[in-house]
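Structure, as structure tokens:
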Amino acid sequence: MKPVLSVLAAFLMVMGAAAQPLAQDTILDTVAKGCAQELATYCKDVTPGEGRVLACLFAHQDKLGGPCEYALYDAAVRLERAVNALSFVAGECQADLETHCRGIKAGEGRLLECLQQHDAQVSQRCKEARKQVGLE
């Protein structure tokens, strides 16, 4: 179980706001439901944010039940897909980002918004990548 929690922790730190458009709330809901008992038992006094709840689950990993372990594994898989999708789009849209969005700070969907604002000038390759991962 330790590798799954480590991967999940790394993805959550890397993703930050980037996962928001890719259904992060659904992922969090899955973990909250799957780990409800563990969260209520071991992590009830933990202030959410900055990975503290995940760190609590990691600290009690030897006590996690099957549904919680599955929820964490499922979340890690979904986050990995989101990271791969974002990496794919970033690679396919790199030239467009450099041309049209050079001064835009990454995060909170600002780069995607910039690409959408410049849709008429954005390459077909970038448009297709966004479409393939559902970011159009």
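What follows draws every value from the coordinates through simple rules; no lab data is involved. No experiment lies behind these values; they were computed from the predicted model shown. Glycine gets a Cβ as well: all are built from the backbone with ideal geometry, and neighbour counts include every protein chain shown.
A straight Cα-to-Cα reach below 16 Å connects Lys33 with the aspartates and glutamates Asp25, Glu69, Asp74, residues fewer than 8 places away in its own chain not being considered.
Summing charges over neighbours of Gly34, with a neighbour being any other residue whose Cβ is under 12 Å away from its Cβ, gives -3 when K and R count +1 and D and E count -1.
Could you point to the residue in His118, Ala85, Val133 farthest towards the positive end of the stretch 69-136's charge dipole, with +1 and -1 charges on the Cβ of Lys/Arg and Asp/Glu respectively? The Cα lying farthest towards the positive end belongs to His118.
The HN-Hα couplings worked out from phi for the stretch 72-78 by the Karplus form 6.51 cos²θ - 1.76 cosθ + 1.60 (θ = phi - 60°) are 5, 5, 4, 4, 5, 5, 5 Hz, whole numbers, x standing for Gly and Pro.
Computed from backbone phi with θ = phi - 60° and the Karplus coefficients 6.51, -1.76 and 1.60, the 3J(HN,Hα) list for the stretch 82-91 is 5, 4, 4, 5, 5, 5, 4, 5, 4, x Hz; x is used for glycine and proline. Cross-link partners of Lys44 among aspartates and glutamates, defined as those whose alpha carbon lies under 17 angstrom from its own and excluding same-chain residues fewer than eight positions apart: Asp29. Loop-located trypsin sites (Lys or Arg not before Pro) across the stretch 42-87 with a Cβ neighbour count of 15 or fewer within 10 Å are Lys44, with loop assigned by DSSP. Evaluated with a Cβ-only charge set (Lys, Arg +1; Asp, Glu -1), the stretch 93-136 carries a dipole of roughly 60 debye about its Cα centre, given to the nearest 20. Within the straight-line cut-off of under 16 Å between alpha carbons, the aspartates and glutamates reachable from Lys105 are Asp96, Glu113, sequence neighbours fewer than 8 places apart in one chain being disregarded.
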